[in-house]
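S.K.: Once you've had a glance at the structure underneath, I'll fire off some questions.
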Amino acid sequence: MISKSVAARSRTRSFATGIDYITEHAHERACVQAGRSFGDGIGYASAPKKAAWVQVRGVASVETAAIEMEGVAVLSRRCKDPVYHLIVAYANDERPTRGQVVSDAERLLKTIGMERNQYVLAAHQDTDNYHAHVIANRIGPEGKANDLWHERIKRERTCAEIAAERGWEIVVGHHNRDIVQRERHLYSPPPDPERCLSDGAYRQLRERGELPWQESGRPYVLDAVDRAKDWSDLHQRLAAHGVVAKLIRRGERIRGLALAEGFERGAPGCAASSIDVRCALPALERRFGPFTPSRELVKETVDATQWVQTARATILTAVDSARSWDDLAQRLSREGIVVKLIRRGMRVQGVSFAQGRDPDSPGCGASQIHPRCKKAALEQRFGPCPYTPEQPPRHHRSGVRDRAEREAYADPRRTLRDAQRIADHARARSEYAQYRDRFFAERHRATADRKEAAWGRESMQRRCEAKRRREARLLLRAVARLAARGAMARQLAYCSIDAIMNRRRAREYDAARVRWEATKIVLAAERKLMLGEKPMDYRSCVAEWAHAGDLGAQRVLDALETPAHNRPERTVRAELQPVNLDHVRERLRVIRANEEARYEHARVERQRLTRVKRPPTAEQALASARKEIQACVSEITQFTPAERAQLARLAKKEESWNPFVRNVAKKEALKLHAGQQARYEAELAKATRDFEGGNAHRVQARVRSDERIYRDYVDVSLGLEAQMRKARAVLRDEIPKIEKQLTVLERTGCAQIEGAVWGAGPDKLAASVDRRYGALPRELRRDTEFAMRREQRALRRGHESISMDR
């Protein structure tokens with residue numbers, strides 16, 4: 001499946017190279033003419049002699065399609081070529097249905113950005129290949145023209161994706177080779193590892209929950225190594241598990257010992273030191289003596305040039321005397337020479353001769369013997385070559401690995417641990433991806449907000465200037481209309497006013513353009529500073545989550561800090577290697593940057609925390625609730641309006657001159673107050689019982705929830721404060737101390753430090769530097785430090801004198 005677009009900008013431009021489905025010159029001219037206007041294109045595409053069926057979108061019918069498209073194209077004044085002519089062609093063995101053709105055309109248009117544009121599609125069967133023409137309108141419903149940016153690249157990739165989805169042959173182009181490569185190698189099995197895994201590959205295997213060969217074979221190998229008494233006993237114990245021991249050679253030097261599942265070069269295995277330190281060749285030779293192989297490990301290697309010189313005469317004699325391919329093979333087999341085919345991928349490149357069918361056996365290409373020994377020359381004499389290229393041996397999955405995995409998963413506890421580890425890694429990766437997405441989204445949002453705010457201020461200022469110009473123009477025209485006498489004088493005054501306002505507008509436009517360019521420079525500088533802020537790496541995020549109390553993050557951090565290949569001996573050697581002072585300073589700069597980033601991150605997170613007030617205790621909350629109940633009951637049990645009126649009358653009677661009337665009024669008032677008090681106490685007792693029976697428990701639960709939230713807030717705040725305090729201590733105390741000691745070491749002539757590795761933290765780095773610093777003589781340290789202080793005082797006095805002169 002392929003697609004092509006016919007250009008409408010040039011009358012002489014033809015179809016792109018590689019399309020040869022048009023055989024007649026008249027047909028080619030008609031295709032070129034079809035891209036010049038909607039009428040010509042639709043007339044050509046939908047001709048009854050050519051079109052098998054027609055599909056339209058956005059138009060009423062084929063007859064009115066050209067008029068409707070021209071009406072939409074008028075909406076855009078800038079587009080000069082609104083016609084887009086697309087051709088979708090299929091191979092002879094590709095028989096798409098009508099729905100598939102329409103879907104392919106609409107998918108291509110959507111890829112270009114014309115998913116809502118009008119089009120007329122006509123399927124043609126007048127050529128050898130089934131194809132369809134699409135006459136589309138580049139002008140969309142909104143009146144905006146499609147710019148056809150990279151439309152050829154998009155069409156090429158879309159056609160490859162459609163062909164891959166339907167199982168068709170993909171036409172390889174310049175821009176779809178990644179799709180072709182992915183589809184061709186989609187179902188090929190991954191090869192087994194033939195070399196030692198790198199640290200990154202090892203960590204990826206551990207995160208996916210897979211077991212490398214050294215992890216699977218470690219129990220069997222260690223058991224054999226611990227129980228073996230000599231080299232032969234070790235070979236027998238390893239052979240019981242299908243494992244052999246062989247030397248690793250680089251030229252004439254022996255580099256170490258390897259453990260694998262066979263003597264073949266590609267057999268799955270690993271270096272013995274990857275299993276454990278006591279499996280390394282030096283450790284085994286200290287126990288068993290010099291290495292004794294169980295069989296011949298390395299065959300004698302014959303120089304290829306020497307073999308060619310020796311076998312050339314024999315091969316030429318056999319080639320000249322042979323009458324067929326079988327006769328040639330028989331003649332060469334008498335001398336132990338075989339004929340092989342050379343294959344590169346899926347293609348047969350030629351013929352080679354070798355001293356046997358072993359891949360390591362000496363041999364050479366036929367062209368190195370003589371030109372008449374080439375495959376083409378031999379096929380001219382003997383006919384097509386009857387041999388087939390030998391398939392390379394496929395290494396099956398390691399039996400040790402399968403057995404170890406079966407035994408591992410037979411243990412439920414180990415299965416749970418592996419599942420927990422995989423789940424922790426997956427959750428940490430997901431959270432880290434979310435953190436990075438939030439970080440970049442916030443940075444992009446901040447940049448966009450700043451740009452929008454700056455443009456808002458600029459546009460507001462421009463509108464104000466335009467408003468002032470408009471008001472000034474109206475004012476000047478009003479003055480001219482009143483002052484000028486006659487129509488001619490008034491028109492001259494109006495022209496002068498327009499010229500003045502035009503000059504003013506041009507001047508203000510220039511100032512606004514300069515002002516906005518300066519604003520863009522400031523925005524670019526701010527954006528550059530924001531781009532300098534990088535998110536934390538995965539290890540730092542996991543460490544922060546672990547310090548915050550996340551148990552899963554703590555397990556992931558422990559797994560990340562575990563040595564990748566379990567090589568303590570190599571690690572010790574690496575730590576004991578001397579390191580240059582420049583490397584130590586570089587590591588110190590990295591530590592400073594990490595600590596500053598950690599301090600800033602902790603400070604920002606602490607500022608972002610929502611402050612939580614300390615909640616009251618349970619007793620205080622219950623007492624407050626009881627007071628509210630008392631106030632509510634007191635308000636409910638107040639005197640009624642009738643009782644208040646009666647109390648008012650009794651109060652007047654208490655002021656009477658008659659003592660009997662006063663006593664009766666006082667008794668009546670006391671009786672009313674006693675009744676009100678009795679109602680209050682009864683309601684209060686009832687409300688208290690109800691509260692103690694149900695609401696009190698809810699209040700206590702709310703208090704416990706508030707206390708838990710407050711404790712979490714305090715824990716997070718104290719944790720962030722501890723991180724800030726620790727980072728501040730490293731920045732203010734440890735790093736200056738290490739820099740001072742490095743300066744002393746450099747002035748005393750010390751150029752290297754032992755034990756300071758690149759991945760060391762501040763404590764380990766400080767210990768390594770302090771160890772070398774303490775090894776210096778005391779008098780030498782004292783004199784060097786005194787000289788440094790004297791230079792600092794002189795420099796400080798120089799700065800003070802310069803500031804006084806100013």
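The values are calculated or read from the model by the stated rules, or taken from the named source; none is laboratory data. This structure is a prediction, so every number in the text was calculated from the model and none was measured. All Cβ positions, even for glycine, are placed from backbone atoms using ideal geometry, and neighbour counts span all protein chains on display. Please note that ligands, DNA and RNA were not included when accessible areas were found on the heavy atoms of the full protein model with its side chains. Shrake-Rupley method; radii C 1.70, N 1.55, O 1.52, S 1.80 Å.
S.K.: If you count only protein heavy atoms and use a 1.4 Å probe, how large is the accessible surface of Phe639, to the nearest 10 Å²?
M.R.: 30
S.K.: Against the 2.2 N^0.38 Å scaling, with N counting residues, where does region 77-124 land? I'd like the Cα-based Rg ratio to two decimal places.
M.R.: On the way: Rg = 12.7 Å, N = 48, 2.2 N^0.38 = 9.6 Å.
Ratio of Cα Rg to 2.2 N^0.38 Å: 1.33.
S.K.: Quick one: if you stick a label point 7 Å off each Cα along the C-beta vector at Glu681 and Asp712, how many nm between them?
M.R.: 4.7
S.K.: Using each residue's phi in region 675-681, evaluate 6.51 cos²θ - 1.76 cosθ + 1.60 at θ = phi - 60° and report the 3J(HN,Hα) Karplus result to the nearest Hz, with x for Gly and Pro.
M.R.: x, 5, 5, 5, 4, 4, 5
S.K.: What is the gain in length, in nm to one decimal, between Val479 and Ala448 on full extension, counting 0.36 nm per residue of separation less the C-alpha to C-alpha distance?
M.R.: In short, 6.5 nm is gained.
S.K.: Let me ask something additional. May I ask you to list the lysines whose Cα is less than 20 Å away from that of Lys653, ignoring any residue fewer than eight positions away on the same chain?
M.R.: Of all the lysines, those that pass the test against Lys653 - Cα under 20 Å, at least 8 places apart if same chain - are Lys666, Lys667, Lys671.
S.K.: Full extension from Ala60 to Asp320: what is 0.36 nm times the residue separation minus their Cα-Cα distance, to one decimal in nm?
M.R.: 85.7 nm
S.K.: When we measure straight from the Cα of Lys144, which lysines land under 19 angstrom away, once same-chain ones fewer than 8 places off are left out?
M.R.: Result set, ordered by chain and number: Lys80, Lys110.
S.K.: Between Asp126 and Gln100, take the C-beta separation as r, use R0 = 22 Å, and let me know the FRET efficiency to the nearest 0.05.
M.R.: Calculated transfer efficiency: 0.65.
S.K.: For region 469-508, what is the convex hull (Cα atoms) projected area averaged across all directions, in square nanometres?
M.R.: So the Cα hull casts an average projection of 2.4 nm².
S.K.: For Ala651 and Arg227, calculate 0.36 nm times their separation in residues minus their Cα-Cα distance, and state this gained length in nm to one decimal.
M.R.: Roughly 141.4 nm would be gained on extension.
S.K.: In Å, the Kirkwood hydrodynamic radius of region 665-795 over pairs of distinct alpha carbons?
M.R.: After inverting the pairwise mean of 1/r, the radius is 22.1 Å.
S.K.: If you don't mind, there's one more thing I want to ask. Could you work out how far apart the two model spin labels at Ile342 and Gln607 are, taking each label as a point 7 Å from the Cα in the direction of the beta carbon, and quote it in nm?
M.R.: The two pseudo-label positions are separated by 6.9 nm.
S.K.: Take the residue pairs Lys451/Lys528; Lys4/Lys154; Lys534/Lys737 and return only those whose Cα atoms are more than 23 Å apart.
M.R.: Lys534/Lys737
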